[in-house]
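Input: a single structure, listed below in structure tokens.
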Amino acid sequence: MPEPYHSEHDGYIHNYLESGHAKVIGIGREVTALRKDGTQFPMELAVSQMRIGNEINFTGVIRDITDRKKMEKVKNEFISTVSHELRTPLTSIKGAIGLIEKLSSDFPEKVKKLLTMASRNSERLTLLINDILDLEKIESGKLKFEFEHIDLFDVAKIAIEENHAMAQSHNVDIKLDAEQIESFTIYADKNRLLQVFANLLSNAIKYSPKNSTIKLNIEKNGAFLRVKVTDKGSGIPANFRSKVFSRFAQADSSDTKEKGGTGLGLSITKAIIEHHRGFIDYESEKNKGTCFYFDLPAVAILNADCSETSKVLICEDNTDLAMLLKDLINEQGYKCDISTTGELLLELIEKNEYELILLDLTLPDIDGLELIPTIRKKSKKQDVKIIIISGRANESHKQFFGDARLIQNWLQKPVDIDVLKSCIFDCMSGSDEEFNILHVEDDQDIVQIVHILLQDITQYHHTASLKGARNLLLKNHYDLILLDLNLEDGNGSDLIEEIPDGCPIILFSATQPSKSLTSKVHKSLTKSMTNNDDLARTINDCLRSTNK
């Protein structure tokens, strides 16, 4: 081995014998090795200990992994190519189709069908690309999760709706059945969990005989909730069990070609479930069918899942209504926390900066009307807005003698959802000021789509290069920079430190940033994984939060 490892070798052995703390022995490690000619190469080192009589011996096994490292480099370059060269044009295709679909009400039915087909197939291509990229992220430990408290039964219903069209095309039905359980609440990433359901249901659909029914069951299993997806297909061969969750696994390659698929779905599914501290397995019987099942920890609904990025606080002691309101807020593009008591509300507003509070007046520990003056005194954000949602709203409104400016609206239960949406929009939309945005992007199709999305809310400016961006930044003030990382004359990340403080940046690129993001970067969005509405909502949210 090269220096300094060569000279330190005896010290490593001595430390191990003295302390018993192993750094390589019995663990293995990738290290640098030295050839006789003086060249260095990467090797995999495995050292084991054995005792012969009273003597301790060590055996070392080395493996030259030069070729493996070369292949990893090729793979990483391929992933980079897939990420940029496919995602950018795919974003243009999806964005253009999305804009056209909004105008398609007067189109002939044949054109509408063609648009639907194009949209569906662009989604399929997106899923394929994302599967490949997810596989790479799993291997590198970079697969992102956004955990929240969700209802597993509701997620299962959404999954069935999303896979209904595929089931119909195969003449297969999906039936959901669940035990009478007190709570279906789990702490999970909803989108990743929908990915798990999609993988299991699509496999069951593809391998089910026509006119059969796939059963989706949810039941309690100790401290876990168990989901089972059962089909009546031909079953999985017993000799294939060890490979089922492996990458690119195909029990019958000819059958797989006929049914479609990449062989990545179950491998990704297993990684997602294990990241949720869950377990997945299956049972199968030849010519009778297969049942895939996974367990996830069941949890009680907590008062609040606090987050520094949450904009809205819901204070409501009815958990069903609180979760309904949370879903509504999330649909509007905002994160929110939940409090079921007035005491917890006061703790949260001192810690976190909320834009809006939805307040019930009938709380278990304090009258909501008494809370209102205290909210203004203790709130970290002095101009926080309040919407009252209560069965006492009408009568309390008449009795309230405090500062009327504190309350944006008084809504009587049962609340009209459309009215509530409108109130939330008014509270969160901020001023009517028109903002200047600079979009640094060298793909003209993306430029056209983003321009159309933003033309009603901003003054949109565009440049295709770092040089052009630098010139514009010297001359003009911008309220936000939308930045691609892959530009014709360099890497967009080189521009970040040159952008004035106080001007937020949203990265919108086919590739992820290679270095850690500064506080200037409000958010990083990935092309093909971000639809038109999400992009516009993120930009709106950023402008509202940074241009008060």
Figure the gain on full extension for Lys243 and Asn394 (residue separation times 0.36 nm, minus the Cα-Cα span) and round it to one decimal in nm.
48.0 nm
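Rank these residues by their accessible area, most exposed first, probe 1.4 Å: Ile160, Ile506. Show your work: numbers first, answer last.
Values: Ile160 30, Ile506 0 Å².
So the residues, ranked largest to smallest area, are Ile160, Ile506.
In nm, what is the difference between 0.36 nm times the number of residues separating Val419 and Ile158 and their Cα-Cα distance?
91.5 nm
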Cut-off under 5 Å, modelled amide H: who pairs with Phe224 long-range
Ala298
With a sphere of radius 9 Å drawn around the Cβ of Ser528, what net charge do the other residues whose Cβ falls strictly inside it have (Lys, Arg +1; Asp, Glu -1)?
+3
So for the range 172-234, what are the equivalent ellipsoid semi-axes in whole Å, largest first, each being the square root of 5 times an eigenvalue of the Cα gyration tensor?
23, 14, 9
Give me the number: length gained by fully extending Asn471 to Asp383, i.e. 0.36 nm times residue separation minus the C-alpha to C-alpha distance, one decimal in nm.
27.9 nm
Using the Karplus equation 6.51 cos²θ - 1.76 cosθ + 1.60 (θ = phi - 60°), what ³J(HN,Hα) coupling, rounded to whole Hz, does each residue of the range 272-277 give in order, writing x for Gly and Pro?
5, 4, 5, 5, 8, 6
Under the rule of at least 5 residues apart or a separate chain, name every residue whose amide H is placed under 5 Å from the amide H of Glu148.
Ala188, Asp189, Lys190
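Give me the net charge of Val155's neighbourhood, meaning all other residues with Cβ under 12 Å from the Cβ of Val155; Lys, Arg count +1, Asp, Glu -1. Present the calculation step by step, with values, prior to reporting the outcome.
Numbers: positive: Lys157, Lys190, Arg192; negative: Glu148, Asp151, Asp154, Glu161, Glu162, Asp189, Asp327.
Here the charged neighbours net out to -4.
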Measuring from centroid to centroid over Cα atoms, what is the spacing of the range 352-395 and the range 278-298 in Å?
47 Å
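Using the structure shown, select from Lys381/Lys421; Lys113/Lys243; Lys113/Lys157; Lys190/Lys220 the pairs with a Cα to Cα distance greater than 28 angstrom.
Working: Lys381/Lys421 22 Å; Lys113/Lys243 40 Å; Lys113/Lys157 26 Å; Lys190/Lys220 19 Å.
Over 28 Å apart, Cα to Cα: Lys113/Lys243.
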In nm, the gap between the two label points placed 7 Å beyond Cα toward Cβ at Phe41 and Arg537 is 5.3 nm
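The values are calculated or read from the model by the stated rules, or taken from the named source; none is laboratory data. Keep in mind it's a predicted model, so treat the numbers as computed, not measured. Neighbour counts run over all protein chains shown; Cβ positions are idealised from the backbone, glycine included. All accessible areas refer to the heavy atoms of the entire protein, side chains included, with ligands and DNA or RNA removed. Shrake-Rupley method; radii C 1.70, N 1.55, O 1.52, S 1.80 Å.
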